[in-house]
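Read the structure below first, then the notes.
The values are calculated or read from the model by the stated rules, or taken from the named source; none is laboratory data. Since the model is a prediction, treat every value here as computed from it, not as a measurement. With ideal geometry, Cβ positions are generated from the backbone for all residues, glycine too; neighbour counts draw on all protein chains shown.
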Amino acid sequence: MTALLDTPPPSPAPPRRGRALQVAAAVALVAALVFGVLWLTTLTSSARSSAEVRDDVLVAARQAAISLNTLDHQDVDGGLDRWEQASTGAVLEEFRDNRAQYAEFVGQARRTTTATVSDAAVGELNEQAGIARVLVGVDVQVTPEGRPPLTTRQRLQLEMTHTDEGWKVSRLAPVRAPGGTG
């Protein structure tokens, strides 16, 4: 019996409640880290930057549509300068090659055109290639000298190309209504 008395009493088992609390705290810490990393990733993700690029393209396309459809026969050079500033590539080359003819036509027509964009949407965006296609609805008020103005509506498809100076028109084409003439 003395052997039983010489053995130290068994140590008490650690409380289960304390162990469960430690595990819960560790799980909460890991979850907070994971969700924090996911939140930061989402905040800086390419989806957000794509949205910002899309907005930049849309702003540039709207302004380009206004610039390309606004001319004053009393300031032809200023209007044609804005055409060139809004364009790149083949469109810019065409404007430069035909600038004298455009200036002569506008001067002889003696009218002023003022454009406003009624609606616009980015239809396609390829950030890697730096190209976007934008559909733009433009209302153009045409005011012949000495006569009342009239408004025409146009739908344009603009191909926008990213340049060192921002997004510029590299192609443009009218969009025809199905079965219509305009």
| said: So the check is Cβ under 8 Å with 6+ separation or different chains; which pairs have a first residue in the stretch 60-84 that's more than 14 Å from Gly137 (Cα to Cα) and a second one that's outside any helix (DSSP H, G or I) and among the acidic types (Asp, Glu)? | reply: His73/Glu145; Gly78/Asp72; Gly79/Asp72
| Residue match in the stretch 96-108 (condition: touching a residue at least 40 places away in the same chain (Cβ under 8 Å) and surrounded by 11 or more Cβ atoms within 10 Å (Cβ to Cβ)) | no
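Results for (1) of a type in the set (Asp, Glu); (2) closer than 18 Å to Ala60 by Cβ; (3) modelled with pLDDT under 95, shown as yes or no for each residue.
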position: Gly78; (1), (2), (3): no, no, no
position: Asn98; (1), (2), (3): no, no, no
position: Phe105; (1), (2), (3): no, no, yes
position: Ile131; (1), (2), (3): no, yes, no
position: Val136; (1), (2), (3): no, yes, no
position: Gly182; (1), (2), (3): no, no, yes
| said: For the stretch 152-182, which positions are farther than 23 Å from Ser49 by Cα, surrounded by 11 or more Cβ atoms within 10 Å (Cβ to Cβ) and free of Cβ contacts under 8 Å to residues at least 40 places away in the same chain? | reply: Thr152, Arg155, Gln157
| said: Would you confirm, using the coordinates I've provided, whether Leu135 is under 30 Å from Ser50 (Cβ atoms), touching a residue at least 60 places away in the same chain (Cβ under 8 Å) and either surrounded by 11 or more Cβ atoms within 10 Å (Cβ to Cβ) or among the small types (Gly, Ala, Ser) (or both)? | reply: no
